[in-house]
């Protein structure tokens, strides 16, 4: 019998810790650990850059002045202001039910779970069919790309994927609310982009993080034939996350240039 996936409901953490935990879980999944759904939030407003995005898109002085942290994700795409939102991360193995090996097909499976979660909240959403071609916009929520969630013609959830060692990490943000003025201050390159959809706009009420967490967990449990089981972070994953936080996600060279400076001679980042 297939073991259930792990469900990890994490409290708020700083940006470096959140990204390190996601990447550590990807490595663990590639080594054979049970796949997982992690749902989490952020201690402080944080601007995350895509793995290959220029740090010049952000205003570093405004980030410091406004109290917004800066981190670079291991996945691609444009910048996301993590503030009034719920973040999800799925780690699974390619070619194992319910996920095929195709990039688009994995996005479609996860989009189906996200659409079902939004329906539980009374929101009608769908997966965008826009082709993901060309350079990603500086602002992740500036335009919907392939298989990302849209509602009333506007982007509601942004997602990005990384594949390594036969496993994948896909994480994304679902907007509870949106502070366009703050985004404009810290990401001037977002100027002129359309406003995204938010759960507050779509439901005409303040939707809580707990409501979204419950909807995500229930919908992913339905999508996964093996279901979900509440779990804690594995000690080996915690150790790897601590290493990645120090050697990569707290390193200005990675944050500003997208290059890793190896500090731990026992391992090297690909």
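Values computed for the structure shown
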{"item": "Residue count, region 95-132 (criterion: over 17 Å from residue 198 (Cβ atoms), free of Cβ contacts under 8 Å to residues at least 60 places away in the same chain and either part of a helix (DSSP H, G or I) or under 18 Å from the mean Cα position of the chain (by Cα) (or both))", "result": "6"}
{"item": "Enumeration of residues in region 104-124 that are over 14 Å from residue 221 (Cα atoms) and modelled with pLDDT of 95 or more", "result": "118, 119, 121, 122, 123, 124"}
{"item": "Count - residues of region 144-154 that are at pLDDT below 75 and either closer than 14 Å to residue 198 by Cβ or touching a strand residue (DSSP E or B) at 6+ places or on another chain (Cβ under 7 Å) (or both)", "result": "2"}
{"item": "Verdict on residue 67 being surrounded by fewer than 18 Cβ atoms within 10 Å (Cβ to Cβ), without any contact (Cβ under 8 Å) to a residue 24 or more places away in the chain and under 21 Å from residue 239 (Cβ atoms)", "result": "no"}
{"item": "Boolean, residue 189 is assigned to a loop (DSSP other than H, G, I, E, B) and modelled with pLDDT under 95", "result": "no"}
{"item": "Sole exception among (1) more than 17 Å from the chain's Cα centre (by Cα); (2) surrounded by 17 or more Cβ atoms within 10 Å (Cβ to Cβ) for residue 198, by number", "result": "(1)"}
{"item": "Every residue from region 76-86 that is surrounded by fewer than 23 Cβ atoms within 10 Å (Cβ to Cβ) and under 18 Å from residue 168 (Cα atoms)", "result": "76"}
{"item": "Leading residue by the ranking (modelled with the lowest pLDDT) among those in region 217-236 that are more than 18 Å from residue 18 (Cα to Cα) and surrounded by fewer than 17 Cβ atoms within 10 Å (Cβ to Cβ)", "result": "225"}
{"item": "Selection within region 201-216 - surrounded by 20 or more Cβ atoms within 10 Å (Cβ to Cβ) and part of a helix (DSSP H, G or I)", "result": "202, 212, 215, 216"}
{"item": "Every residue from region 206-235 that is in contact with a helix residue (DSSP H, G or I) (Cβ under 9 Å, 6 or more places away or on another chain) and over 30 Å from residue 3 (Cβ atoms)", "result": "206, 207"}
{"item": "Selection from region 243-270 of residues that are within 19 Å of the chain's Cα centre (by Cα) and either part of a helix (DSSP H, G or I) or modelled with pLDDT of 95 or more (or both)", "result": "244, 245, 248, 249, 250, 254, 255"}
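The values are calculated or read from the model by the stated rules, or taken from the named source; none is laboratory data. Quick caveat, the model's predicted, so the values are computed rather than measured. No Cβ is skipped: glycine too gets one built from the backbone with ideal geometry, and neighbour counts run over all protein chains shown.
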